Amino acid sequence: MTEQSELDWAYLADLAGKVAYSIAERWHIVEADDVKQAILEHAIRERKNVALAVDDQALLKRIFWTAGKRYAAKERLYRDLVDGEYFYTADEAKTALLTMIYTAEEFSGLIGKKDDLNHCTVSENLHTARLDAEDAMRRINERYQRLLHSRYVLGIPLASDADQKACQRAVIALSYEMNRSLRRKVQK
């Protein structure tokens, strides 16, 4: 008997539907049927792990919840990229972080200074990016906050390769959060 025939796919589909409905209620950018399909695709790919958890409904729900949330996050990111609104890149997030060495008053005093006809050093756009970065920093995890603060605000080089890779992921996470907070402001 194969693993696929051992699993009760009707039961799994029903449970996936319930989890998908909950996710679609919280993440309004996705439809419950699409989430359910993504959860079931995950269950097929990971059927060995699902088979081990089939007797524990709470664990199975967590597995389905995680798969559904990943799908919804991917859909939200795609929507953010193609919705025609401004999108912060990781480099822009780094630039905003580098301005945090200044107090808000010092930074405001820099706007328009050292500009010439060909180059604008500190603009109002950078000021807005800095505010978005400050807001987004509160929404990322503490380790990422510490790494970003050490590397970009204090200028301390990171000691290990693991910290450097984590810092790169932190910049990307920060840019995602900056974009999410930007969209929250627009939706209000």
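Quick note: the coordinates plus some simple rules give every number you see, no bench work behind them. What you see is a predicted model, and the numbers here were worked out from it, not measured in a lab. Positions of Cβ are backbone-derived with ideal geometry, glycine not excepted, and every protein chain shown enters the neighbour counts.
Pairs from the list LYS74/LYS165; LYS61/LYS94; LYS36/LYS165; LYS18/LYS165; LYS36/LYS94; LYS18/LYS48 with a Cα-Cα gap above 27 Å: LYS61/LYS94; LYS36/LYS165; LYS18/LYS165; LYS36/LYS94. Just grab the label-to-label distance for THR95 and LEU131, each label 7 Å out from Cα along the Cβ direction, in nm (one decimal). In this crude spin-label approximation the distance works out to 1.8 nm.
Taking each residue as 0.36 nm, the span from GLU46 to ALA58 lengthens on full extension beyond its C-alpha to C-alpha distance by 2.6 nm.
Segment SER160..ASP33, full-extension length gain: 41.3 nm, with 0.36 nm per residue of separation and the alpha-carbon distance subtracted.
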